[in-house]
Amino acid sequence: MSPRTGIASAVRRAGEYDLVELLRLRTLLFDDLGGDFFNPATDDGSWLDTLAVVLKQQLRAGDVRILVADAAGDRDGGERGDGDRGLAACGIGTIEQRLPGPHLRNGRIGHVIGVITDPAHRRRGHSRAIMRGLLDWFREREVARVDLYASVEGEPLYRDLGFTDLPDPALYWRP
């Protein structure tokens, strides 16, 4: 339950029937992040078709967990205007098997990808509940470490849940 609003966020595993809403929330995520990195000028939207195919596959994958919070019962005159339908929030966890080492005892790394809450449903504990569900799932699967990239808005939540800075800088390369 969110101490600020008193609303308890029920989290469940996503199903195929959530696909349209998952696509909507992923689009909101990139809109929120903004900038040329997340929204290149050359984007024609075709990534959404690919995302739909990949999400459908990942809904059944054993090394992926997609958790959602329904918008039903979480209304305060929000902006969406579609009654109590849809999702308030979602988050994705994946597990990658890497080579074990002294710093990574079994080589299993969890990744949190794209925790996003619809603007009309923010500050009600949905992201925290989803993160707790994902962290429990990672513990059950004995991952050695969980990584994520935080937005400025999400960083306080992740630090409160025990996330710290990596010892090495995160870099990327695009072919």
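A few notes on this one:
- Placed amide H near Leu87: partners under 5 Å, 5+ positions off or other chain: Ala71
- Projected label distance in nm at Ala10 and Thr50, using a 7 Å step from Cα toward the beta-carbon: 3.7
- Radius of gyration over Kirkwood radius for region 127-174, both on Cα atoms: the Rg/Rh ratio is 0.99.
- When the chymotrypsin sites (Phe, Trp or Tyr not before Pro) in region 91-174 are filtered for DSSP coil states and for at most 14 other beta-carbon atoms within 10 Å of their beta-carbon, the remaining sites are Tyr149, Tyr172, Trp173.
- When all protein chains stay in place and ligands, DNA and RNA are ignored, the 1.4 Å accessible-area order of Ser127, Ser46, largest first, is Ser46, Ser127.
- The label-point distance for Ala170 and Arg132, in a model that sets each label 7 Å from Cα toward Cβ, rounds to 2.4 nm.
- Estimated vicinal HN-Hα couplings, Hz - region 9-23 in sequence order (Karplus 6.51, -1.76, 1.60; Gly, Pro = x): 9, 8, 10, 9, 6, 6, x, 4, 5, 8, 3, 4, 5, 4, 5
- Distances between placed amide hydrogens fall under 5 Å for Arg145 paired with Gly110, all partners being 5 or more residues away or on another chain.
- Karplus (6.51, -1.76, 1.60) ³J(HN,Hα), θ = phi - 60°, over region 114-119, in Hz, Gly and Pro reported as x: x, 6, 9, 10, 4, x
- Karplus-derived 3J(HN,Hα) values for region 129-137, using 6.51 cos²θ - 1.76 cosθ + 1.60 with θ = phi - 60°, are 5, 5, 4, 4, x, 5, 5, 4, 4 Hz; glycine and proline are entered as x.
The values are calculated or read from the model by the stated rules, or taken from the named source; none is laboratory data. These numbers were taken from a predicted model, which means no experiment stands behind them. All Cβ positions, glycine included, derive from the backbone under ideal geometry; neighbour counts span all protein chains shown. Quick note on the areas: whole protein, heavy atoms, side chains included, nothing else; ligands and nucleic acids left out. Shrake-Rupley method; radii C 1.70, N 1.55, O 1.52, S 1.80 Å.
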